[in-house]
Structure formats: structure tokens, C-alpha cells
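The values are calculated or read from the model by the stated rules, or taken from the named source; none is laboratory data. Keep in mind it's a predicted model, so treat the numbers as computed, not measured. As a convention, Cβ positions derive from the backbone with ideal geometry for all residues, glycine included, and neighbour counts pool all protein chains shown.
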Amino acid sequence: MTKRKTVAFKRREALVRNKIEKRSTQYYADQDDADVVSDGDSELLLHKNLVSLGIAGGLRHLKSCDSTNDYLKTFAQSIVLRESQQHNPFVKPPSFQINPLEWLNQMAAPRALPYVLITDEQTAGRGRQSNTWWTGQGALAFSMLLDAKQHGLKPHTMAHLSLGVGFATMQALRSITEETPAILNNETENDVNATSAAASNIEIRWPNDVYVNGRKIAGILIEAPNLRHIIIGIGINTNNSATEAPEEIRDRIVTLSDVLGHEINQKILIYHLCREIMDMLSCFPSHLTELIENAEANLHQVGKMVNITHENERIIGKCLGLNPDGSLRVLTETGEKAVVSGVMI
């Protein structure tokens with residue numbers, strides 16, 4: 001399938017873009033003013049802009065934490081506990097069953113969702129299959145806590161969600177790559193053309209990564225801490241450098257600052273990312289077909305040989321694209337197989 005959007009998706013995306021154009025323009029204008037005032041004011045502005053996108057819980061920025069996903073898991077548990085107590089005011093758990101930390105978590109849990117958490121330092125980032133995620137100095141560690149019912153998310157749509165978040169991340173990275181020279185740095189036309197070319201090489205890599213020029217720039221981890229909540233975790237190599245990465249992964253990753261030759265404004269990227277995620281979530285459940293088609297049109301592996309391990313099985317063959325359920329179509333020696341999940345080798 002060629003890398004172009006379906007007509008239906010194009011029309012729908014154009015409508016969404018028109019709605020957010022004023023918000024985006026206002027954000028950049030206000031962002032410039034806020035940067036002059038103070039970083040604290042700039043972050044408050046970002047919080048307000050996220051709320052305007054429908055992220056009712058806004059943003060929380062930590063200096064350091066072990067894992068943004070794990071941090072939001074405790075919040076999800078606290079929300080469930082708090083609401084169960086509100087619905088049963090006369091049934092209180094004995095005080096000795098709640099330690100002070102649990103109580104603080106319960107009180108600090110967001111009152112509205114979606115809710116975004118970012119951190120300057122992630123000390124124990126995780127990927128799929130218990131893999132670790134390297135978070136270099138200046139990288140973006142991002143997690144969003146969602147109410148599953150609010151967005152029509154169900155267990156059988158998790159594969160769609162993973163692809164959708166990959167698509168949203170790809171779109172956000174393309175936007176910041178194309179706009180950074182023109183908006184932030186006033187660079188030359190050649191620089192703009194170069195970064196536009198780099199943006200076109202940003203692709204989804206099934207099942208949960210984003211690649212630039214064949215190297216990993218972002219990873220996605222989606223988790224369900226309970227039956228009510230979904231956590232979208234995204235790690236993006238932004239203002240760090242591949243030269244600082246552990247030697248065993250150095251030749252397999254790339255960072256945004258390496259691609260552009262300079263650092264980017266993280267707050268603008270966060271805004272783009274949240275905007276794209278909220279747009280993508282509007283596809284559930286009625287526009288999943290368009291979402292899968294659009295993800296397939298931007299899939300890194302189409303036409304390439306793939307090597308996948310799934311449980312005790314190894315699947316080797318040519319990637320043909322995606323099935324409507326989000327599984328990968330692989331042509332093997334014994335015929336076509338649908339791979340629902342697995343690890344790329």
C-alpha cells in the first residue's frame with residue numbers, strides 16, 4: 001500500500017485540523033511570551049492548553065521518578081479506592097489497612113481524566129516483555145492516564161490502540177521536525193527542506209515503536225492497571241544523544257536532536273503529542289478501519305523481511321501489511337500468517 005492517507009481519513013483529519021488551528025497558533029504565540037517570563041509560567045500555559053484539548057486532568061511535571069507508567073498505576077488504584085469510598089460512605093476500611101503513602105496517593109490522585117505525567121529523569125523505564133527503556137538526559141518520558149469507557153476502549157481494541165498511539169507519536173514528531181526550524185530558529189530554506197525530508201522518514205514500526213531512517217526514536221508501552229483505566233506510556237529520544245546511550249544499543253537508536261542538529265522545545269512537542277493522541281482516540285470505536293489503514297500506509301516493515309518471536313514460536317517472512325484487527329500480515333514459507341503480538345528481532 002502506498003504511503004498516502006485514505007480519502008475518508010483525509011477529510012476527517014482536515015476537519016480536525018481546522019478545529020485545532022486556532023489553538024495551535026495561539027499556543028505558539030503565548031509560548032513565546034511565556035518563555036520570556038519564566039519556565040514556570042510556560043508550564044502553566046502548557047497545562048491550560050492541554051485542558052483546552054480535552055485533557056481535563058492537565059499536566060503534572062516531576063523532576064524524577066522510577067517509571068511514569070508505574071507512577072500512574074498508583075494513581076489509578078487510588079482513584080478506584082477513593083470512588084469506592086464515596087459510593088459507600090458508611091463503609092470505611094479500618095485505618096490500619098491504609099498506610100500514610102497510600103493515603104497521600106489517594107488525596108493527590110487527579111479528579112479528572114485524561115491526565116498527563118512527564119518527568120525530567122526516569123530511573124527505571126520499562127518496555128514490552130520486561131525490557132528496560134534507556135532514558136538519556138534530556139529525553140521525554142511521558143504517560144497518560146485514561147478512563148477506558150470514556151474513550152470506547154475495550155480489551156479487543158488494545159492492538160488498535162497500540163498502533164494508534166504509534167501513529168499519533170509519528171505525527172507529533174513529523175510536526176515538530178517540520179515546524180521547529182521555521183518557528184523556533186528561523187533557519188535557511190535548505191535547513192527546512194532537510195528537516196522536511198527527515199520528517200517523511202519517520203515511520204511506525206509494528207507493534208509499538210517509531211523509527212527514523214531505520215533507527216528507533218520512540219517506544220510505546222500500554223498497560224491496563226485495572227478494568228477501568230488505561231495507561232499510555234511513551235518514551236521519546238528528544239534532547240539526548242545516541243552517543244550517550246549504552247554501547248549495546250547505540251547503533252540502533254536515534255534522537256531528535258541528532259536528526260535536527262539542535263535541541264527542540266519539549267513543551268511544544270508535548271502539546272503536539274497530546275493533540276495527536278486526543279485526535280486518534282476519537283477514532284474509537286467507529287473509525288478503527290481508517291485508523292488501521294492509515295497506520296499501514298506509514299508502516300516501516302511493509303515489503304521487508306521480518307523475524308518475530310511469539311512465545312515459543314519464530315515467524316520469518318515478508319511483511320504484507322496489516323489486517324483489520326491490527327495484526328501483522330506475514331508471508332512465510334508455509335503461507336500467510338496473522339501475527340497478533342510478538343517481539344521483532
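Candidates are the residues of segment 74-102 that are modelled with pLDDT under 60 and either aliphatic (A, V, I, L, M) or surrounded by 12 or more Cβ atoms within 10 Å (Cβ to Cβ) (or both); the one that is farthest from Leu273 (Cα to Cα) is Val91. Hey, could you check segment 293-345 for residues that are assigned by TED's automatic domain parsing to the domain that holds Thr157 and among the acidic types (Asp, Glu) and say which is surrounded by the fewest Cβ atoms within 10 Å (Cβ to Cβ)? Top of the filtered list is Glu293.
The requirement of being closer than 20 Å to Leu50 by Cβ, among the small types (Gly, Ala, Ser), part of a helix (DSSP H, G or I) and modelled with pLDDT of 90 or more is satisfied by Ser175. For segment 318-345, filtering for residues that are on the phi > 0 side of the Ramachandran plot and assigned to a strand (DSSP E or B) leaves 2.
If we scan segment 38-51, do we find a residue that is in a loop (DSSP other than H, G, I, E, B), assigned by TED's automatic domain parsing to the domain that holds Asp120 and crowded, with 19+ Cβ neighbours inside 10 Å? No: zero hits. Going by the conditions given, is Thr289 part of a strand (DSSP E or B) and surrounded by fewer than 20 Cβ atoms within 10 Å (Cβ to Cβ)? The answer is no for Thr289.
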